[in-house]
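Before any comments, here is the structure.
The values are calculated or read from the model by the stated rules, or taken from the named source; none is laboratory data. Predicted model only: the values in this text are computed from it and were never measured. Cβ placement follows ideal geometry from the backbone for every residue including glycine, while neighbour counts extend to all protein chains displayed.
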Amino acid sequence: MIKFFRKIRLNMLSEGKTSKYLKYAIGEIILVVIGILIALQINNWNEHRKTENKIKNSLEALRSDLIQDTLLITKIEPFINEQYKLNESLRRRVAGENATIDTLIHIMHREFNPNWKDQTIYNANAYNSLNENGLIENISNPLKTNIKNFYNKKFSLQSRVQKTTNDYREKITSYVNTYTFGSTPIHDQGKLIDSLVWTNINYSHLAATFQGISNFKRILFKETKEELNYSLINSHNLIKQINNYLQ
């Protein structure tokens, strides 16, 4: 094809058809430019299609993560609620008009369980991947903004829960270094240690310890419950939005 056009140009020049040659040259340049633009457009279209496929796969992975998160939350919520109810029932008994020092000792010695669940671990691989490869910026609004806002708020709530959990664990460490408790099988310390610990205890210290830990457990429940509710409700909303986007 190139040889063909070159032959035409040479024939025009040899025949002295300069004006026709110029018109032909301009036309040839236009054809070349058009060809380049078409090639660029095809390349851009191919790249756009590749990007769209990557976004589709990433959103499907994100949707899968969100579904797993909702199942996880549904699984652990009953334990959180149970622990809260137990904590509040013990506080009510200690605060009751008929409560005595024996009431407090029995609760702290036999019923109170200072343990708390570990931080909820969500799967954020798909979201992190969207951020790291920049694909999230290619997602159109409002889905892009909603995804960012959801995870920013979620991570913020998780960070707050983790800080409170760490503070609570420090209090628990101090507690178990002073007292024994028999509400869980793994803390079977035996009669000798149990009797030595609970002989001649400082009632004021015991009361302050119970009050401080049970208060902290109440705060921890409130923050954990807020994070779980936020994640559950907004995960369902995002799943619906992703489904609509992928249709």
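For this structure, a couple of remarks:
- In region 171-197, the residues that are under 20 Å from ARG218 (Cα atoms) form Cβ pairs under 7 Å with partners that are of a type outside the set (Val, Ile, Thr) and at pLDDT below 70, at six or more places apart or across chains, as follows: PHE181/HIS187.
- Yes/no for THR224 being within 30 Å of SER156 (Cα to Cα) and not aliphatic (A, V, I, L, M): yes
- Of all residue pairs spaced 6 or more apart or on separate chains, those with beta-carbon atoms under 7 Å, a first member in region 216-238 that is closer than 14 Å to THR70 by Cα and a second member that is surrounded by 14 or more Cβ atoms within 10 Å (Cβ to Cβ) and polar (S, T, N, Q) are GLU227/GLN158; LEU232/THR70; SER235/THR70; HIS236/THR70; LEU238/ASN146.
Results for (1) modelled with pLDDT of 95 or more; (2) hydroxyl-bearing (Ser, Thr, Tyr); (3) over 24 Å from SER231 (Cα atoms); (4) in contact with a strand residue (DSSP E or B) (Cβ under 9 Å, 6 or more places away or on another chain), shown as yes or no for each residue.
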site	(1), (2), (3), (4)
GLN68	yes, no, no, no
PHE79	no, no, no, no
TYR127	yes, yes, no, no
TYR151	yes, yes, no, no
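- From TYR122, TYR127, residue being aromatic (Phe, Trp, Tyr), within 30 Å of GLN241 (Cβ to Cβ), assigned to a helix (DSSP H, G or I) and in contact (Cβ under 8 Å) with a residue 12 or more places away in the chain: TYR127
- Among residues of region 77-112, those that are under 20 Å from ASN202 (Cα atoms) and assigned to a loop (DSSP other than H, G, I, E, B), counted: 3
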